[in-house]
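Since the structure comes first, as C-alpha cells, the remarks are kept for the end.
Please treat every number below as a calculation from the coordinates, not as lab data. Nothing here was measured: the structure is a model prediction, and the numbers come from that model. Don't worry about glycine lacking a Cβ; one is built from the backbone with ideal geometry, like all the others, and counts go over all protein chains shown.
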Amino acid sequence: MSQIAWLRTSYWMGAIADAVTGALILIPSRMGETDFRYPMGLAAALMFGWTVLLLWADRNPVERKGILLITVFPVIAGLFLAGVYAYGVGLLPGWRVMVGSIVCVGLAVLMLYSYLNARGLETGGA
C-alpha cells in the first residue's frame, strides 16, 4: 500500500470509529450512564466534529498528516484512559473496556505508522 493510502486509511478508520462512538454516546443507557445526558451530548458533538476533521484531513492527506498525531495524543490516549478509569471505578464491565481498548490501540498503531511512514513525503501536492 502506498504512503498516501496508509494516511487515507487512517483518516477513514478514525472517522468511522468517531462517528460510531458519537452515535453510541447519544444512547446513554448503552454507554452505562443515564444521568448525564447533557455532558454526553457535548461529547457526541465533539466526536462528530472530530469525524469531520479527519475527513477534512483526508482531502490533503500529506499536508494534514499532523492531525493523526493530535488524534493519537490526546484524543485516543484520553479515550483509552477514560475507559480504564470507568472500569476501575466500576462504571463499565471489563469486556466493554477491553473492546474499546483494543480499538484504541489498533487505531493508535495505524495512525502512528501512517504518520511515520509518510514523513518523507513532500507537503506540497499530494
What nm value, rounded to one decimal, do you get for the distance between Leu46 and Val99 when each label is placed 7 Å out toward the C-beta? 2.3 nm
In nanometres, what is the gap between the two model label sites at Asn60 and Tyr38, each 7 Å from Cα along Cα-to-Cβ? 3.9 nm
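Just the Kirkwood number for the chain, please: inverse of mean 1/r across all distinct Cα pairs, in Å, one decimal. Each step should come with its number before you reach the end.
Details: mean 1/r = 0.0658 Å⁻¹.
After inverting the pairwise mean of 1/r, the radius is 15.2 Å.
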Please identify the helices of the chain, taking whole runs of DSSP H, that span at least 15 Å along their own axis as judged from the Cα atoms and have a mean Kyte-Doolittle score of 1.0 or higher. 77-88, 94-117
Value of relative contact order over region 3-117, rounded to a whole percent, pairs C-alpha under 8 Å and six or more apart: 34 percent
